[in-house]
Every structure is written in C-alpha cells, then in structure tokens.
Amino acid sequence: MNEYGMRYHYTNASALLNILKTKRFRLTHCKDLNDSTEGKFLLEKLRKDINNHSEIFRIMTDNIFIGCFCASGNFPVKMKSYGKVNIGFDFEAMQEDLRFTTDANGKCHNTSGISFGNCCYTDCEDENYTNVINYVTDKLSNIDFNSLSSQQFAYLSCFQCFFLKPIKYKDENESRIVSYLWRREPLYDSKTCKHYIEFHFTPDKVRSITIGPSCKENDRMSIEEFLDNSSDYKHVFITNCG
C-alpha cells in the first residue's frame, strides 16, 4: 500500500453489521459531525480576504457530506467517543472503486463531487496552512454565483477546508471521504433527524474488524457469527482492542 494504507471507521456493533450487509456506509452532513467547527477553521480566517464569503460559507455548510477514518485501529479515545468497534478498510484500494453514492433519488454515479485524502494538522504559522489559504483564496475570490459551473467549482475548492484541522487534533491522524450534493437530495434518518448520503464499497475493501473492550458479548457473538456465515467476508479477521 502507499501512504494511504489502512484506515479504520469507528462505529457501534449494529451499525457495523448494517454496513457489512448493505456494503455501504453513511457520509454525514458536515453540520452533524461531532466537532461543530469542522471546515470553519479555514473559512473563518478568510472572512475578510475573499469576496462572497457568506455565500461560499452557506453553500459549503448546506451541501458537504463527510466520512471519517482513523489511521489507528486501536485508538482508545475513538473507542470511547465514536464507537465500540471499527471496520478496517484498504483506503487506497477503495479509491479505485466505482464511486457510487446513493441519495434520496436513487443510486448516482458521482464523477466530480467526491474527494479522498488525509487531514493536514496545522496552525496559522505553518507553511501548509499558508499554502491552503493561498489556494482557496485564489480559487474562491471571484466566484460568479449567477453561474452554475462557477458554483460547482466553489464546492470542489471548499473540499480543502475539510482536510485542514487544528494542530491540537493531530493524534487523531484522520483521513476522509468528502462529497457534495450537486442538485440532488440527501437521505434522511427520522430516528436521528439527520441527513446523509451513502457510499458504496465492495467487500474486498474490508480487511479487519476491531472489537473494543466495552463491546457487549452478545454484540461480539453477532459479529463473529455474521463473518462465519458470510462468503463475502471470509478474508476478514477479527482483532481485539484492549
């Protein structure tokens, strides 16, 4: 594998089984991520530097959906905060899949509205931060919001905002799939009252299941039973965390 390597998606046992059975996982609306500051780290700094800042901020926060992954499959904070189990994906190979997502209108082939990458952890004095600031400023300064193609270009440029995080979160070593809806409708979960879209993957992209110490025994047994009876995931191995 190259620098992307393995990446781990933390969740709970029932969601893990649903992901494996349906071969898809949710990309969450950026407003519904655990960290409400996501994406704002950069755009807030640019408030005085780019034209149409409020409009750019609006389209970004209205339409961006994100899937989060960690470089560590044995990360205690993630196990405590985000889920008692995780799925280990070959993040490099996943980028070679046909990039299908599902929205409210059905399965759509996403040709331009999706990006894979590793988060960059930085502060305002760092060269990486300056480079991203310059890139986004250059791309977004003269967006014409009367032009559909110009609006679409703004979405693509805004992806950079969701791969840049404050240095204090560096230990998370996070990677992401970021997508936007272009004239499409998200799915809606009435139980959680949250919007989302779904990313499709093939079973060979799953390499491992990690079970945390607080995972209930019946949940562990359900996962093991599913893997034992599934021809799609015979290659997947289970590891224990803690």
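The values are calculated or read from the model by the stated rules, or taken from the named source; none is laboratory data. It should be emphasised that the depicted structure is a prediction, and the values quoted were computed from it without experimental measurement. Note: ideal-geometry Cβ built from the backbone for every residue, glycine included; neighbour counts use all protein chains shown.
Structure above, values below:
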read-out: Candidate set: the range 13-32, residues that are buried (at least 19 other Cβ atoms within 10 Å of the Cβ) and at pLDDT below 95; chosen: the one farthest from Ser222 (Cα to Cα); value: Cys30
read-out: Exclusive hit being under 19 Å from Cys119 (Cβ atoms) and of a type in the set (S, T, N, Q), set Asn131, Asn146; value: Asn131
read-out: Residue selected from the range 137-161 under the condition part of a loop (DSSP other than H, G, I, E, B) and hydrophobic (A, V, I, L, M, F, W, C), by the criterion nearest to Cys120 (Cα to Cα); value: Ile143
read-out: When residues of the range 202-242 are limited to those that are among the small types (Gly, Ala, Ser) and touching a strand residue (DSSP E or B) at 6+ places or on another chain (Cβ under 7 Å), the one modelled with the highest pLDDT; value: Ser208
read-out: Some residue of the range 119-142 being hydrophobic (A, V, I, L, M, F, W, C) and modelled with pLDDT of 80 or more; value: yes
read-out: Some residue of the range 149-171 being touching a helix residue (DSSP H, G or I) at 6+ places or on another chain (Cβ under 6 Å) and without any contact (Cβ under 8 Å) to a residue 60 or more places away in the chain; value: yes
read-out: Scan of the range 33-49 for residues that are closer than 20 Å to Asp126 by Cβ and either surrounded by 12 or more Cβ atoms within 10 Å (Cβ to Cβ) or touching a helix residue (DSSP H, G or I) at 6+ places or on another chain (Cβ under 7 Å) (or both), ordered by number; value: Asp35, Glu38, Gly39, Lys40, Phe41, Leu42, Leu43, Glu44, Lys45, Leu46, Arg47, Asp49
